[in-house]
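> Sharing a structure with you now.
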2 protein chains.
Amino acid sequence: MSPRTAPLTRTAALEVDGGSRRADAAGEDLPRGVDLGGLTGHLGYLVRRAQLWIFQDFIRTLAILDIRPAEYSVLTVIGRNAGLKQMALASTLGIERARLVHLLDRLERRGLVQRRASATDRRSHALHLTAKGRKMLARIEVLASEHEQHVVARVGGEHHKELLRLLALFAFG
Amino acid sequence: MSPRTAPLTRTAALEVDGGSRRADAAGEDLPRGVDLGGLTGHLGYLVRRAQLWIFQDFIRTLAILDIRPAEYSVLTVIGRNAGLKQMALASTLGIERARLVHLLDRLERRGLVQRRASATDRRSHALHLTAKGRKMLARIEVLASEHEQHVVARVGGEHHKELLRLLALFAFG
DNA sequence: TATTGTTATACTCTATAACTATA
DNA sequence: TATAGTTATAGAGTATAACAATA
């Protein structure tokens, strides 16, 4: 298809607005000197960039086990809290309960997790790792540690510790 | 459905290292006593929880202007770098160029952004804010600051400053 | 040949609403 | 009535691949 923004006024990039403080004059390719303006003052922007980097590394590092971050967190919490209900797991991890259903479906299909009938409430399921799930989790944890070492290598050990402390404070009050 | 009820051994075991501490004041209450295991040692987990909280507050605070975080970042960077190419913008913000097309489509439809012909490279577009876009950005910045104050209130001013410093180091260092 | 913007597809994740079976 | 799990849908966001125009 042809350019969909058809006409495109050919007013070259000549400076018009009062809002732009920076060059555009310098011949258009501002390779790395792009001004982020107020973004660097927003925790949300920096946190997003951090998550992007971290999750990509996690997925790459655990690709051989085909485990993604959300699945890792689910297996970890079930492993530590056998018999947990889905609702409790969902709100603990900040995952929508509707989404957790699909995560558990996949983990159950892979034979890593079991939904058992709850003794006390027949509406709910008690979540357990299978023997295979426990073995898998052990292998996962090796690679997850390796991944975290990549993060440490990226930010430095001291900064990593500081970030864990500060973000924990943030996340849990 | 499933086999019998679990042995239901003590599901708690919450003595381990810095698991879950307190319920969350502003919104979701984490079920107390659920052991997060190694998750609290993973920056990725904490960063995700932080982003969840921050983005939800941003979206809520700027709902009246119908501006989401990605759109805010795009408008901000164009405002500061008039004439920027789409590729440069995309790689600056860590947005896929294919996704940026849709973001710009929407902002252009709303009359906030213009794609102009580049003087030097006829493949590329020079991005500019319209007058309306500049006015809108000014209003957006007021609410974005308000949002950031919510974040400060959540973590404390000192911690907020520390986090900005450490995460900037992470994202760009 | 490589790059820019575009279109297209697939998959992950978030956010709701509604349904069922229990409580 | 309310809650736990499920199903369904819509919309962001990420990740690729391919294509036309241009470099």
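Bear in mind these aren't lab numbers, they're just calculated from the coordinates by the rules spelled out. Computed from a prediction, not measured in an experiment: that's the story for all the values here. Because the Cβ atoms are built from the backbone with ideal geometry, glycine has one as well, and the counts that use them run over all protein chains shown.
> Given a Förster distance of 41 Å, report the FRET efficiency between A:Arg165 and B:Ala131 from their Cβ-Cβ distance, rounded to the nearest 0.05.
Details: r = 46 Å, r/R0 = 1.12.
For A:Arg165 and B:Ala131, the calculated efficiency is 0.35.
> Please list, ordered by chain and number, the residues whose modelled amide H lies under 5 Å from the amide H of A:Val113; skip anything fewer than 5 residues away on the same chain.
HN-HN under 5 Å from A:Val113: A:Glu108, A:Thr130.
> Of the listed pairs A:Lys132/A:Lys161; A:Lys85/A:Lys135; A:Lys161/B:Lys135; A:Lys161/B:Lys85; A:Lys135/A:Lys161, which have alpha-carbon separations greater than 31 Å here?
A:Lys132/A:Lys161; A:Lys161/B:Lys135; A:Lys161/B:Lys85
> Taking the Kirkwood radius as the inverse of the mean 1/r across Cα pairs, report the Rg/Rh of the stretch B:81-136. All intermediate terms of the calculation are to be shown ahead of the outcome.
Values: Rg = 10.9 Å, Rh = 11.4 Å.
Taking Rh as the inverse mean 1/r over Cα pairs, Rg/Rh reads 0.95.
> Distances from A:Arg134 to the same residue in each other copy, label points 7 Å out along Cα→Cβ, in nm, shortest first?
Label-point distances to the other copies, shortest first: 6.7 nm.
> Give the residue from B:Ile64, B:Ala126, B:Ala50 lying farthest towards the positive end of the charge dipole for the stretch B:36-163; charges sit on Cβ (+1 for Lys and Arg, -1 for Asp and Glu) and the dipole is referred to the Cα centre.
Farthest towards the positive end: B:Ala126.
> Shortest first and in nm to one decimal, what separations exist between A:Asp105 and its copies in the other chains, measuring from label points 7 Å along the Cα-to-beta-carbon line?
Here A:Asp105 shows inter-copy label distances of 2.8 nm.
> Label position 7 Å from Cα toward Cβ: report the copy-to-copy distances for A:Gly41 in nm, one decimal, ordered from shortest.
Nearest first, the other copies' label points are 3.9 nm away.
> Here's something else I'd like to know. Zone of B:Ser145 (label point 7 Å along Cα→Cβ, backbone N under 20 Å): which residues in the stretch B:40-66?
B:57-66
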